[in-house]
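Participant: After the structure tokens below, expect a handful of questions from me.
The values are calculated or read from the model by the stated rules, or taken from the named source; none is laboratory data. Just so you know, these numbers come straight off a predicted model, no measurement behind them. Methodologically, a virtual Cβ is constructed for each residue, glycine included, from the backbone with ideal geometry; neighbour enumeration extends over all protein chains shown. Quick note on the areas: whole protein, heavy atoms, side chains included, nothing else; ligands and nucleic acids left out. Shrake-Rupley method; radii C 1.70, N 1.55, O 1.52, S 1.80 Å.
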Amino acid sequence: MIQKPKGTYDVYGKKSKQIKYIEKILNSLMEKYNYEYMRTPLFENSELFHRGVGETTDIVTKETYDFLDRGNRNMTLRPEGTAGICRSFVENKMYGTYTMPVKTWYYGPMYRYERPQSGRYREFYQFGCEVFGSDNASIDAELISIPVNIYKLLGLKGIKVNINSLGDRDSREKYREALIKHFEPHIHEFCEDCQERFKKNPLRILDCKIDCDKEIMKTAPTTIEYLNDTSKKHFDKVKESLEALDIDYVVNPKIVRGLDYYTHTVFEVEADIEKFGSQKVLCGGGRYNGLVEAIGGPKISGVGFALGLERLLNALEAEEIDLDENNGIDIYVAPMSEKEESYSLGLTQSLRLSGFNVEMDYMNRKLQNNFKQADKLNAKFIIILGEDEVNTNILTIKNNKTKEEFKVSTDDVIEFFDNNIEEEHHE
């Protein structure tokens, strides 16, 4: 038997309904925030991620799916969404044709070759937002509010935002020098990865899971200590904006994020989920004012975030939040025999095109079994089609909740259901 690749999973049954419900929430919220949907290729030139995500990140050095295509070009399955969105922004010259800021969102599969574990797969889905062209700290706060509101809409409790600032390029460079000075006398005590990071990007050392408990890590300088006046002002404005949005936050100087392109604001959103232990982070992001320029575009600022669908599903399960509303279908069409099937198909088609959710019997069930099937599908109404109904064009319609029966002409059937089925199911 051929099985799915390691680190992937199938979606069906209840999980598929949960995912569709979440996607509906995401679509609706993005419309309210006035963000435009963008879709980029599943694979890009490898150079994009090396230049954009960063040569020193674990994603690029250890986790990307790289391959040569038939034209002998280096390609990479996208490991995250931001670099591709930035590439599209630059290539399509959106900075010249759109009014700033350009506010976008994306949703789709990403690929990282890492050890599969709970909530972490080699093929995983990310939802994210990117905003280009505004240096205003209020946009940072607006971005942070999006995942916060998503989690609240889905019923998660104890939502908390952890924020930090890496500062502008000058502040980051001073902080980099301070880290080198701090770690240099002890770097030989660290893992091989950290020793390599020390040479290229010492900020990555702070992300190390192997050496995180070393005393020298605990006493490392923080980014906030090295912020210049411009960076401090931006960070203060972010905090002020979050307070205006009534969003609880904690300044956490340990947050540096795992990608090289961040400047100024970085943040993580977590939920108080008892069964998750210490791993409560559901979302992360920040500002990346140099990324567009780094991949060949103009000097335009950017800020964004991404959240993982699988970790969100795990959180909802841990909190026992059931998203499967099972609203069911509007109408179930039950032909009494094969003779009525063609008539049933035509009627089903007409009802669907009029906006109703309709299913019909394709299994030649007996009437009693069709009633049971309608119950399983949580149908609101059942249309019973026998020889008399076909000959007279007078339909027998049964309210599956009250069990009341109606006789309705085919000419009036659309109006009947318009008047008897809630609008939310007839759009």
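Participant: Would you mind giving the three semi-axes, in whole Å and largest first, of the ellipsoid equivalent to segment 171-218 according to its Cα gyration tensor?
Facilitator: Value: 16, 11, 10 Å, ordered largest first.
Participant: At S16 and K160, where each label point lies 7 Å from the Cα along Cα→Cβ, what is the point-to-point distance in nanometres?
Facilitator: Spacing of the two 7 Å Cα→Cβ label points: 3.9 nm.
Participant: State the three equivalent ellipsoid semi-axes of segment 140-198, derived from the C-alpha gyration tensor as the square roots of 5 times its eigenvalues, in descending order and whole Å.
Facilitator: The three semi-axes for segment 140-198 are 36, 17, 8 Å.
Participant: List every residue whose amide H lies under 5 Å from the amide H of T263, counting only residues 5 or more places away in sequence or on a different chain, with H placed 1.01 Å from N in the peptide plane.
Facilitator: Distant-sequence amide H within range of T263: R287, Y288, N289.
Participant: Could you work out the mean projected area of the convex hull around the alpha carbons of segment 158-237, in square nanometres to one decimal?
Facilitator: Seen from a random direction, the Cα hull of segment 158-237 projects 6.4 nm² on average.
Participant: Give me the extension gain from K214 to K376: residue separation times 0.36 nm, minus the current Cα-Cα distance, reported in nm with one decimal.
Facilitator: 52.6 nm
Participant: Where in segment 102-125 is the amide nitrogen less than 17 Å from a point lying 7 Å along the Cα-to-Cβ axis of D66?
Facilitator: Correct set: 111-114.
Participant: Using every pair of alpha-carbon atoms in segment 66-167, split the distances into 10 Å bins beginning at 0 and state the percent of pairs per bin, rounded to integers.
Facilitator: Percent of pairs per bin, in order: 11, 30, 37, 17, 4, 0.
Participant: Mind listing the phi-derived Karplus ³J(HN,Hα) values for segment 218-234, rounded to whole Hz, using 6.51, -1.76 and 1.60 with θ = phi - 60°, and x for any glycine or proline?
Facilitator: 5, 9, 5, x, 9, 5, 4, 5, 10, 6, 7, 4, 4, 5, 4, 4, 5
Participant: Moving on. How many nm separate the modelled label positions at R352 and E192, each set 7 Å beyond the Cα in the direction of the Cβ?
Facilitator: 5.8 nm
Participant: Tell me whether segment 1-57 comes out rounded, prolate or oblate; compute the Cα gyration tensor, take square roots of the eigenvalues as a ≥ b ≥ c, and use a/c under 1.5 as the rounded threshold.
Facilitator: It is oblate, given that a/c is not under 1.5 and a/b is not larger than b/c.
Participant: How many percent of the accessible area of segment 218-325 is carbon or sulfur, using a 1.4 Å probe?
Facilitator: 44 percent
Participant: Filter the GluC sites (Glu not before Pro) in segment 337-415 down to the DSSP loop ones having no more than 10 other Cβ atoms within 10 Å, then list what survives.
Facilitator: Within segment 337-415, the qualifying GluC sites (Glu not before Pro) (loop, at most 10 other Cβ atoms within 10 Å) are E404.
Participant: Dipole of the chain (Lys/Arg Cβ +1, Asp/Glu Cβ -1, origin at the Cα centre): which of A271, G285, Y35 lies farthest to the positive side?
Facilitator: Farthest towards the positive end: G285.
Participant: Run lengths n ≥ 4 of DSSP H only: what is the helix-derived mean residue ellipticity at 222 nm for the chain, with -39500 (n - 2.57) per run over all residues, to the nearest 500?
Facilitator: -10500 deg cm²/dmol
Participant: Sequence-distant or interchain residues sharing an amide H contact under 5 Å with Y125, placed H: which?
Facilitator: Here the answer is M110, L309, E310, since their amide H atoms fall under 5 Å of that of Y125.
Participant: While we're here: Tell me the per residue accessible area of segment 75-157 using a 1.4 Å probe; a whole number in Å² is fine.
Facilitator: Value returned for segment 75-157: 38 Å² of accessible area per residue.
Participant: Pull up the cross-link candidates among the aspartates and glutamates for K4, meaning alpha carbon to alpha carbon under 15 Å and not fewer than 8 places away within one chain.
Facilitator: Of all the aspartates and glutamates, those that pass the test against K4 - Cα under 15 Å, at least 8 places apart if same chain - are E123.
Participant: Take the alpha carbon gyration tensor of the chain, find the square roots of its eigenvalues, order them as a ≥ b ≥ c, and report rounded if a/c is under 1.5; if not, report prolate when a/b exceeds b/c, else oblate.
Facilitator: prolate
Participant: Which number do you get for Rg(Cα) / (2.2 N^0.38 Å) in segment 177-309?
Facilitator: Expressed relative to 2.2 N^0.38 Å, the Cα Rg reads 1.16.
Participant: Next up: Roughly speaking, to the nearest percent, how much of segment 124-173's 1.4 Å accessible area is carbon and sulfur?
Facilitator: About 44 percent, which is the carbon plus sulfur part of the accessible surface.
Participant: Taking the Cα-to-Cβ direction at R73 and at I394 and moving 7 Å from each Cα, how far apart do the two end points lie in nm?
Facilitator: If labels sit at R73 and I394, their model points lie 6.8 nm apart.
Participant: Separate question: Between Q368 and N34, what is the FRET efficiency for a Förster distance of 45 Å, r being their Cβ-Cβ separation, to the nearest 0.05?
Facilitator: Efficiency at R0 = 45 Å is approximately 0.30.
Participant: Filter the cross-link list K24/K103; K218/K275; K93/K239; K199/K254 down to pairs whose alpha-carbon distance in this structure exceeds 23 Å.
Facilitator: K218/K275; K93/K239
Participant: If amide hydrogens are placed 1.01 Å from N in the peptide plane, which non-local residues have theirs closer than 5 Å to the one on N357?
Facilitator: Here D330, I331 satisfy the definition.
Participant: OK, next. GNM, the chain, Cα, under 10 Å: largest mean-square fluctuation among R120, R169, R73?
Facilitator: Residue with maximal mean-square fluctuation among R120, R169, R73: R73.
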